[in-house]
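Worksheet: one structure, shown below.
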Amino acid sequence: MSKLVIGLTGGIGSGKTAASNRFAKLGIGIVDADVIAREVVEPGSTALQKIAAHFGDSHLLADGQLNRAALRQTIFADPAAKQWLESLLHPLIASETQRQLQSVQSAYAMYVSPLLVESQQKHMCDRLVVVDVPETVQLSRTISRDNNEQAQVERIIASQVDRNSRLAAASDVIDNTQSLSQLDERVSELHQQFLKLAAAKS
């Protein structure tokens, strides 16, 4: 792509959304993999029909939306189910991601995804920003935010790439254990850096 693309990642509960919201406030176009993943399985979509046909109607809610809790339990318990789901959704998500990145009008685009380090998605990015917190912080934030049981959050953390691998892949790191004003400072510092890189690229 001709436009500079900055990848933003971090483990569950690290504060990716808090960081990306601050870049958005600075006028940067955000493409969010989690949002796209929800869009491709909206009621009426082919993907949702295939999921219901494959896993059964228990994976749909009464209003026709995807029952995410049921699906999450199924794929965590069954690697073959996870593989089937990924082979259905990943190509749809990839093509929609490319379309959205190309339509971003700001100086650079930011692609937010929890899987940037462990997937091929990182090849779409010129730089990789990692939002970092210790695992204990991930646990406490996710349990209080999502009302999940500790064991489930621990399984999600274990299923993601480990903290050291994420940090090793980073071009830039945002330490998100500090205050919100320090997060603002770090984001605006990175924003200035990325504006210079974007100008050099164009």
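The values are calculated or read from the model by the stated rules, or taken from the named source; none is laboratory data. Quantities reported herein were computed from a predicted structural model and do not represent experimental measurements. As a convention, Cβ positions derive from the backbone with ideal geometry for all residues, glycine included, and neighbour counts pool all protein chains shown. Calculation scope for accessible area: heavy atoms of the full protein, side chains included, ligands and nucleic acids excluded. Shrake-Rupley method; radii C 1.70, N 1.55, O 1.52, S 1.80 Å.
Could you tell me which numbered condition ALA69 fails, if it satisfies all but one of (1) in contact with a helix residue (DSSP H, G or I) (Cβ under 9 Å, 6 or more places away or on another chain); (2) farther than 26 Å from GLY29 by Cβ; (3) in a helix (DSSP H, G or I); (4) at pLDDT below 95?
(1)
Could you go through the range 124-131 and let me know if any residue there is farther than 23 Å from ALA198 by Cα, in a strand (DSSP E or B), out of contact with any Pro (no Cβ under 8 Å at 6 or more places or on another chain) and at pLDDT 85 or above.
Taking every residue of the range 124-131 in turn, none turns out to be farther than 23 Å from ALA198 by Cα, in a strand (DSSP E or B), out of contact with any Pro (no Cβ under 8 Å at 6 or more places or on another chain) and at pLDDT 85 or above.
Would you confirm whether or not the range 47-55 contains a residue that is part of a helix (DSSP H, G or I), open to solvent by less than 40 Å² (accessible area, probe 1.4 Å) and either in contact (Cβ under 8 Å) with a residue 60 or more places away in the chain or under 24 Å from GLY7 (Cα atoms) (or both)?
no
Between a first residue in the range 67-87 that is under 14 Å from ARG155 (Cβ atoms) and a second residue that is open to solvent by less than 60 Å² (accessible area, probe 1.4 Å), which pairs have beta carbons less than 8 Å apart while being 6 or more apart in sequence or on different chains?
THR74/PHE55; THR74/HIS59; THR74/ALA81; ILE75/ALA81; ILE75/LEU85; LYS82/ILE75
Among the numbered criteria (1) under 20 Å from GLN120 (Cα atoms); (2) open to solvent by less than 20 Å² (accessible area, probe 1.4 Å); (3) part of a loop (DSSP other than H, G, I, E, B), which one does SER14 miss?
Against the list (1) under 20 Å from GLN120 (Cα atoms); (2) open to solvent by less than 20 Å² (accessible area, probe 1.4 Å); (3) part of a loop (DSSP other than H, G, I, E, B), SER14 comes up short only on (1).
Name the one entry in VAL31, VAL35 that is surrounded by 15 or more Cβ atoms within 10 Å (Cβ to Cβ), at pLDDT 90 or above and under 21 Å from the mean Cα position of the chain (by Cα).
VAL31
For the range 134-153, check the following and say yes or no: at least one residue is hydroxyl-bearing (Ser, Thr, Tyr), at pLDDT 95 or above and either in contact with a strand residue (DSSP E or B) (Cβ under 9 Å, 6 or more places away or on another chain) or open to solvent by less than 80 Å² (accessible area, probe 1.4 Å) (or both).
So far as the range 134-153 goes, no, none of its residues is hydroxyl-bearing (Ser, Thr, Tyr), at pLDDT 95 or above and either in contact with a strand residue (DSSP E or B) (Cβ under 9 Å, 6 or more places away or on another chain) or open to solvent by less than 80 Å² (accessible area, probe 1.4 Å) (or both).
Looking at the range 79-97 only, could you name the residues that are surrounded by 13 or more Cβ atoms within 10 Å (Cβ to Cβ) and either acidic (Asp, Glu) or out of contact with any helix residue (DSSP H, G or I) (no Cβ under 7 Å at 6 or more places or on another chain) (or both)?
GLU86, HIS90, ALA94, GLU96
So how many residues does the range 149-202 have that are over 23 Å from GLN120 (Cβ atoms) and outside any helix (DSSP H, G or I)?
8
For the range 167-202, which positions are of a type in the set (A, V, I, L, M) and under 15 Å from VAL131 (Cα atoms)?
LEU167, ALA168, ALA169, ALA170, VAL173, ILE174, LEU180, LEU183, VAL187, LEU190
Pull out all pairs, ordered by first then second residue, where Cβ-Cβ is under 8 Å, the residues are six or more apart or on different chains, the first lies in the range 132-150 and is farther than 20 Å from VAL117 by Cβ and free of Cβ contacts under 8 Å to residues at least 60 places away in the same chain, and the second is surrounded by fewer than 16 Cβ atoms within 10 Å (Cβ to Cβ) and charged (D, E, K, R).
Correct list of pairs: ILE143/GLU149.
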